[in-house]
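The values are calculated or read from the model by the stated rules, or taken from the named source; none is laboratory data. All of these numbers come straight from a predicted model, not from anything done at the bench. Quick reminder, even Gly has a Cβ in these numbers, built from the backbone with ideal geometry, and neighbours come from all protein chains shown.
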Amino acid sequence: MYLVIRLRRSVLLLIMAALMIGCLSTVGYAFVTSYLGSDTIALGVSVASVNVGGLSSQEASAYLSGYLRAITDSPVTIVHGTMRWEIIPSQIGITTDLENILISAFQIGRQGHLLRRLSDHVQSHTQGWEVPHIVSVDQEKLTSALRKIALTANIPPIDARISITSNDEIEITPGSLGQRVELSQLANEVITASTAQGERMVTVIPQIVIPDFSTEDAYALQIRRSIAQFATTFDPRDESRANNIRLAAQELDGVLLRSGEVFSFNQRVGPRLDSEGYKAAPVIVDGELLPGIGGGVCQVSTTLYNAVLLAGLDVVARSPHSLPIGYVPLGRDAAVAYDYLDLAFRNNSPYGLILSTRVEHDRLTVRVFSDAPPDRSIELDSRIVRVLEPGVIRRLDPSLLPGMVVEEKKGRQGYEVQLWRIIKIGGGVVHRELVEKSTYKPQDKLIRLGVSAKPSDN
């Protein structure tokens, strides 16, 4: 009996609930349908704190247009430290988008299913509904205006610098932090402030910019002293060649390499062009001295090559000249040509290194500053392993009298050379390595013979 009574009560409650929902739905449907058929904004809707509820879109437009325009015509203050700028949003690309504001206001209570529409109406009527002050943004115009402010506030970071004093001492110039205004962030803050009705102020908070090479980075390289140097001499009276040597040497001065980094002579020095100040001077081409732009630069690469070897560094690219040269022993030269011959080496030490170059009257000196065991010394041993004798080229010359022999070009011996590097600790040899093999081709002797002359080996 008790169970039957409970079931009857449950059924009754369900019926009553269904009747109430039906009534509410009928009333809600009638209300919303009536509202949807009208041209009015839901009660309680406001824009920028201005109540537009119950107004038609046309009435709201007339009511709001001047008020909202006045907001975007009012200045916004941008502050950075002691500097202040006043900008008018409407003059830098921020204008009221009244059309979309009215669309947003009109859609309240007109979107979604029936219950959502009814709920939105109730909320708007009882609690109010604030439609955002929507603006149109000319991004290009806004960015252009704010960029001028950003450039005033931006401070570029300064890298630390390692230099070599005239006394061959290491000098570290500290770097400093910079600051940069993030344009997109500043633009968003200005857009937000342009619709505010209270304090219209934007405080610029730049981001800290860390230098690529900080003071800590400089000290971490542990560059402490000169570990190797090499010098060659040249004729200062040959002004063009001396000029080229000075130009290329200047490009090497101050080169900094971290541990593991590779240096390329051609990448650093660049093309040897007259537009870069280089002049015509003798260059070796296929065993002959010919005039060419940049003659003498190979002496810089050769001097660097020897300093690098004496510093114990790994050479990864090097080519000999086609002829022996006079300012270094055989096998210790390094020819360069911008488009196909390079000198490259790797800093294989755990420390950083810096190059220092000096050109004094007739002397070019390259120093390598880094760190190494104080009792380490390195020697270079150049050995001729084979002499290559020149051949003889004989040409008949009808312009010569019969029996005449003219030596047009002297022959030159060629060589096969091995270059060894000897590493010592405390005066004792700890390592000996073959660094490079070089071949200098012989230059054939050229003679001209009268047409009736018999060939001779003399």
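If we scan region 227-242, do we find a residue that is among the aromatic types (Phe, Trp, Tyr), surrounded by 14 or more Cβ atoms within 10 Å (Cβ to Cβ), closer than 30 Å to residue 360 by Cβ and without any contact (Cβ under 8 Å) to a residue 60 or more places away in the chain?
Keep residues of region 227-242 that are among the aromatic types (Phe, Trp, Tyr), which gives 230, 234.
Narrowing the set further to residues that are surrounded by 14 or more Cβ atoms within 10 Å (Cβ to Cβ) leaves 230, 234.
Restricting the remaining residues to those that are closer than 30 Å to residue 360 by Cβ gives 230, 234.
If we keep only those that are without any contact (Cβ under 8 Å) to a residue 60 or more places away in the chain too, we end up with none.
Looking through region 227-242, none of the residues is among the aromatic types (Phe, Trp, Tyr), surrounded by 14 or more Cβ atoms within 10 Å (Cβ to Cβ), closer than 30 Å to residue 360 by Cβ and without any contact (Cβ under 8 Å) to a residue 60 or more places away in the chain.
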statement: Out of (1) farther than 17 Å from residue 249 by Cβ; (2) surrounded by fewer than 15 Cβ atoms within 10 Å (Cβ to Cβ), the one residue 277 does not meet is (1)
field: Top-ranked residue in region 66-93 [being among the hydroxyl-bearing types (Ser, Thr, Tyr) and surrounded by 14 or more Cβ atoms within 10 Å (Cβ to Cβ); ranked as nearest to residue 46 (Cα to Cα)]
entry: 72
message: If a residue must be touching an Asp or Glu at 6+ places or on another chain (Cβ under 8 Å) and among the aliphatic types (A, V, I, L, M), how many such residues does region 113-164 contain?
response: 5
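Select the helices (runs of 4 or more DSSP H) contained entirely in region 207-317, then report the ones holding at least 2 residues which are within 32 Å of the chain's Cα centre (by Cα) and of a type in the set (Ser, Thr, Tyr). Talk me through it step by step, then tell me what you get.
Numbers: elements: 215-220, 239-252, 265-269, 297-310.
Fully inside region 207-317 and qualifying: 215-220, 297-310.
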field: Meets criteria (of a type outside the set (Asp, Glu), buried (at least 19 other Cβ atoms within 10 Å of the Cβ), assigned by TED's automatic domain parsing to the domain that holds residue 251 and at pLDDT below 95) for residue 307
entry: no
message: Can you list residue pairs whose Cβ atoms sit under 8 Å apart, with the first residue in region 178-189 being exposed (fewer than 15 other Cβ atoms within 10 Å of the Cβ) and the second being in a helix (DSSP H, G or I)? Count only pairs 6 or more apart in sequence or on different chains.
response: 183/143; 183/146; 183/147; 183/150
Candidate set: region 196-212, residues that are surrounded by fewer than 19 Cβ atoms within 10 Å (Cβ to Cβ) and among the β-branched types (Val, Ile, Thr); chosen: the one nearest to residue 156 (Cα to Cα): 209
field: Residue that is of a type in the set (Lys, Arg) and buried (at least 16 other Cβ atoms within 10 Å of the Cβ), where the choices are 367, 394
entry: 367
